[in-house]
1. All but one of (1) surrounded by fewer than 18 Cβ atoms within 10 Å (Cβ to Cβ); (2) in contact (Cβ under 8 Å) with a residue 12 or more places away in the chain; (3) in a loop (DSSP other than H, G, I, E, B) hold for P198; state the number of the condition that does not hold.
2. For S67, work out the one condition from (1) under 17 Å from the mean Cα position of the chain (by Cα); (2) without any contact (Cβ under 8 Å) to a residue 24 or more places away in the chain it doesn't fulfil.
3. Pick out the one residue from T219, T185 that is under 22 Å from the mean Cα position of the chain (by Cα), surrounded by fewer than 20 Cβ atoms within 10 Å (Cβ to Cβ) and among the polar types (S, T, N, Q).
4. In segment 234-250, is there at least one residue being among the aromatic types (F, W, Y) and either in a helix (DSSP H, G or I) or surrounded by fewer than 16 Cβ atoms within 10 Å (Cβ to Cβ) (or both)?
5. Taking the conditions exactly as written (farther than 22 Å from T37 by Cβ, small (G, A, S) and modelled with pLDDT under 95), does S261 satisfy them or not?
6. Would it be correct to say that R171 is basic (K, R), touching a Gly at 6+ places or on another chain (Cβ under 9 Å) and either under 22 Å from G75 (Cβ atoms) or not in a loop (DSSP other than H, G, I, E, B) (or both)?
7. Yes or no: L242 in contact (Cβ under 8 Å) with a residue 40 or more places away in the chain, under 16 Å from A115 (Cα atoms) and in contact with a Cys (Cβ under 9 Å, 6 or more places away or on another chain)?
Amino acid sequence: MHFADFAAGSIGGACGVAVGYPLDTVKVRIQTQRQFTGIWQCFVTTTKNEGARGFFKGMSLPVTTVSMTSSVVFGTYRNCLQCMSHFRGFGAPNTKLDILMSGFAGGVAQISVMAPGDIVKVRLQCQTESMKSGIHQPKPKYRGPVHCLLKIAQEEGILGLYKGALPLALRDGPSYATYFLTYITLCEKLTPAGQRQPEWPTVLLAGGVAGMAGWAVGTPMDVIKARLQMDGAREKKKYRGLLHCIRETVRAEGPMVFLKSLGINCLRAFPVNMVVFAMYELTVRILRSASQGDVSETKPLS
């Protein structure tokens, strides 16, 4: 087991959340609420009505859960690669197909940990009422992450915490397969022959581009996931399931709705995943150096 990858993934994921959360809030609001017509309009409206704190609603729980889910993603990915290498013969190099399959496995494996925290994040991000609202203004339904978690469990049952888990898996499996393949391919292309580790500018560039590539694949299903998670939270339940949500969304808003948040996803993905991979590489190199006594003998991810 490559335990260093679990620890490094956890640290990288937490740092990535801190960098990208404000844009993630804008993204979720654009996807689920028609009152927000674009990135700038959503940014201005949120700032005017809720202040800077409006962009960080529900962040405390995702910092914790993303640390765990990122740990699962990177750890599963790395250990799947190791298993495939051993299957061919000890020390056999991994193929691009190995990277795709391992990335897919890592993306799906995280769902059991990620789903409850993700629905809490989405519900709080879409809660535009202020806690300081006046007497005649509506109060927010959820007082914070823990209250939101308990309220969902009370009203919708434990399975309510996993609403949107199927589209989440359909989003993250292909997305992480693309994510890791893009990162490895760019690192290999930009690292001189004979050098065992990429330089830091290569890590930053490859990480940012990998994040954008992953979201390019995952954005359509991300729209459906967010709508299913919000369904029934404020008004009568609208969708009967995944396929019904897709049909109704296309019927009401056209197929281009699936690209509605692609721009902001890519805008957020580049800096976030620069940070994720930089912290991942830094942590894993330190941990492996401490355990092996020679950091030059390690090779990132693949």
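The values are calculated or read from the model by the stated rules, or taken from the named source; none is laboratory data. Nothing here was measured: the structure is a model prediction, and the numbers come from that model. Note: ideal-geometry Cβ built from the backbone for every residue, glycine included; neighbour counts use all protein chains shown.
1. The single condition P198 does not satisfy is (1).
2. The number of the failed condition is (2).
3. Matching residue, one of T219, T185: T185.
4. No; the residues of segment 234-250 include none that is among the aromatic types (F, W, Y) and either in a helix (DSSP H, G or I) or surrounded by fewer than 16 Cβ atoms within 10 Å (Cβ to Cβ) (or both).
5. Considered against the rule, which asks whether it is farther than 22 Å from T37 by Cβ, small (G, A, S) and modelled with pLDDT under 95, S261 comes out as no.
6. yes
7. Spelling it out, it is not the case that L242 is in contact (Cβ under 8 Å) with a residue 40 or more places away in the chain, under 16 Å from A115 (Cα atoms) and in contact with a Cys (Cβ under 9 Å, 6 or more places away or on another chain).
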